[in-house]
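The values are calculated or read from the model by the stated rules, or taken from the named source; none is laboratory data. All figures in this text were calculated on a predicted structure; none of them were measured in a lab. Counting neighbours? That spans all protein chains shown, and the Cβs are built from the backbone with ideal geometry, glycine included. Keep in mind that these areas ignore ligands, DNA and RNA; they rest on the heavy atoms of the full protein, side chains included. Shrake-Rupley method; radii C 1.70, N 1.55, O 1.52, S 1.80 Å.
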Amino acid sequence: MKRYIYNILLLGLLLGISTTGTAQRIFDGEISMPGELKQVGNTVYLNLDIDINDLSLNTNRSLMLTPVLRSSTQTAEFPPIVINGKKRHKAYERSIAYSDWEDIQPALVAVVQLKKNQARPTLVYRETLPYSSWMDDAYLEIHEELCDCGGEEALDTSERLFSGIDLEQRFYAVTPQIAYIQPQAEPVKNRSEQFEVYLNFQVGKTNILPEFENNQAELNKLDQGFNVVKSDANISVTDIEIAGYASPEGSVALNDRLSKGRAEALQTLLAQKGNFPASVYHVTHGGEDWVRLQELVEASGISQKEEILSIIRNTADPTQRQNKLVAMGATYRTLLNDYYPKLRRVVCNINYSVRNFTIDESKEILKTKPQQLSLNEMFLIANTYKEGTNEFNEVFETAVRLFPSDQVANQNAAAAAISRGDLTRARSYLEKADSRTPEYANNMGVIYFLQGDYDNARAEFNRAIAGGSNAARENLEEMNKKIEIEVRPGR
């Protein structure tokens, strides 16, 4: 048997101490070793409360118990515990007295002298080892060495005590890299303002009477809009489109002439005011405005709504369509009085170009007339703020609101939504973005990653990397680190 000389330490021999783990028994069930084996930070802690009241040990013998942490490839020993019989303990003390301590590696040990008719104390064992990653799959066994003292047969065996270490939950924080696309600058920023004017005309007439019905208020509304455009030094009007429409009473041919004549009448009136040269005005006409009527009915709660919509959608000839509506009696009178007046309208589209702005100018324009900015100008504004801030997010929300169908605007709005943790909205924006871009793949990978779907995240990151995305490469590396640190095989 290997010979040990120990630094004697009585480790708080307490009776009836509470335990923190399920009782484990060794040495043919004579020794109970409840406790815990846990890792915290860089240390593995072994805490045992050893009950030896049932231990039968010859007075001449010595039992050494050594906790051993063992994996398939490595082992590490905790300091052993020595339990001596009465006579053997005297020999043990003499060996210490005559030993040269400088040549001996001491180990922490609790030594208990066993006496008849005396309660045996619980041995409180608290030891540590430096933590190493190989220990993640290790188990703890107790190596039992019973000396061959006094002519008795020696015992050298091991028993498993804990199947593994209670590993500390590890967390590796990752801040994913989110990808944005800088929109292309617009060589010329072409914009349009639309004004709808609802004018009342005498039956069969096309001339505009300002004093008739509500015409003056409608014309004032149009004048105000034109004055705002005219006074804006940042824009240059290129043309003004005037489109006339009519309600479907009477013949189709008549309504076509009326819609054209009424649009021309408004053109003449506006040209006389001198706000813009006559050459910028262009007149078109749409005749009977069935499209607008369908929109109004769809948004309404009118009686026989579905029948009306079926007639509009499924009756190709306008005259037959109108006759079927007239045949609906009271419902038709509701259409005639409440809906048809909204079809007698003139729509003015003022088309203009906007000059380019500096970043400081763009910030001011964003507050008042954001429609005059390009996506590129808004992108430059956003990048003056820290990613994820309210100011940063609001710029991209404004951009996608003004350009709801633009793929880049939706891509960047999705990225901003991810940065503030709104993954549901981010997905909805990405549905309108270009799925072929590496930025799209990276940001989808980030969404999957944040949701804990590492397999799909890895697939998207690899797709983005193939497209040249450095952000995706970094995200994949960080995700793999997180998995390696937090997810332990077989645990």
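Computed values, structure above
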read-out: Flagged links, alpha-carbon separation over 27 Å, of Lys273/Lys363; Lys205/Lys273; Lys230/Lys367; Lys342/Lys367; Lys221/Lys305; value: Lys273/Lys363; Lys342/Lys367; Lys221/Lys305
read-out: Using a Förster distance of 41 Å, the FRET efficiency for Ser231-Asp434 (Cβ separation, nearest 0.05); value: 0.55
read-out: Volume per residue that the Cα convex hull of region 216-336 spans, once the total is divided by residue count, Å³; value: 142 Å³
read-out: Long-range HN-HN contacts of Asn200 with modeled amide H, under 5 Å; value: Asn214, Asn215
read-out: Selected from Ser163, Gln118, Asn456, residue furthest toward positive end of dipole (the chain; charges at beta carbon); value: Asn456
read-out: Karplus 3J(HN,Hα) series, Hz, for region 129-141 with 6.51 cos²θ - 1.76 cosθ + 1.60 (x for Gly, Pro); value: 9, x, 6, 9, 4, 5, 6, 4, 10, 8, 10, 10, 10
read-out: Alpha-carbon centroid distance for the pair region 121-135 / region 376-440, whole angstrom; value: 53 Å
read-out: Accessible-area composition of the chain, carbon plus sulfur, in percent [1.4 Å probe]; value: 46 percent
read-out: Alpha-carbon centroid distance for the pair region 184-232 / region 282-325, whole angstrom; value: 25 Å
read-out: Rg over Rh, two decimals, region 118-243 (C-alpha only, Kirkwood Rh); value: 1.75
read-out: Distance (nanometres) between label positions extended 7 Å along Cα→Cβ at Glu295 and Asn200; value: 2.4 nm
read-out: Projected-area average for the chain over all orientations - Cα convex hull basis, square nanometres; value: 41.4 nm²
read-out: Distant-in-sequence amide H partners of Glu288 (H built 1.01 Å from N, under 5 Å); value: Ala246
read-out: Hits among lysines - C-alpha to C-alpha of Lys481 under 30 Å, sequence gap 8 or more where chains match; value: Lys38, Lys386
read-out: Helix-only mean residue ellipticity at 222 nm for the chain, each DSSP H run of n ≥ 4 adding -39500 (n - 2.57), per residue, nearest 500; value: -11500 deg cm²/dmol
read-out: Sequence-separation-based contact order of the chain, relative, with Cα cut under 8 Å and 6+ spacing, percent; value: 14 percent
read-out: Average Cα contact separation per residue, region 151-229, under 8 Å, 6 or more apart, as relative contact order %; value: 20 percent
read-out: HN-Hα J in Hz across region 344-355 - Karplus 6.51, -1.76, 1.60, θ = phi - 60°, x for Gly and Pro; value: 8, 9, 10, 9, 10, 10, 9, 9, 8, 10, 10, 5
read-out: Length gained when the stretch Thr319-Asn60 is fully extended (0.36 nm per residue, less Cα-Cα span); value: 81.1 nm
read-out: Accessible area per residue, Å², region 131-197 with all protein chains present, probe 1.4 Å; value: 57 Å²
read-out: Convex hull volume per residue in cubic angstrom - Cα atoms of region 395-457; value: 67 Å³
read-out: Length-normalised contact order of region 319-430 in % [C-alpha pairs under 8 Å, at least 6 apart]; value: 14 percent
read-out: Sites Glu264 and Arg170 - FRET efficiency at Förster radius 60 Å, r taken between beta-carbons, to 0.05; value: 0.20
read-out: Ala433 long-range amide H proximity, modeled H, under 5 Å; value: none
read-out: Sparse-neighbour loop sites [trypsin sites (Lys or Arg not before Pro); region 267-329; at most 11 other C-beta within 10 Å; DSSP]; value: none
read-out: Solvent-accessible heavy-atom area per residue, rounded to whole Å², over region 314-470 at 1.4 Å; value: 48 Å²
read-out: Rough spin-label spacing in nm, given labels placed 7 Å along Cα→Cβ, for Leu450 and Leu209; value: 6.3 nm
read-out: Thr358-Tyr139 FRET efficiency (beta carbon distance; Förster radius 60 Å; 0.05 resolution); value: 0.30
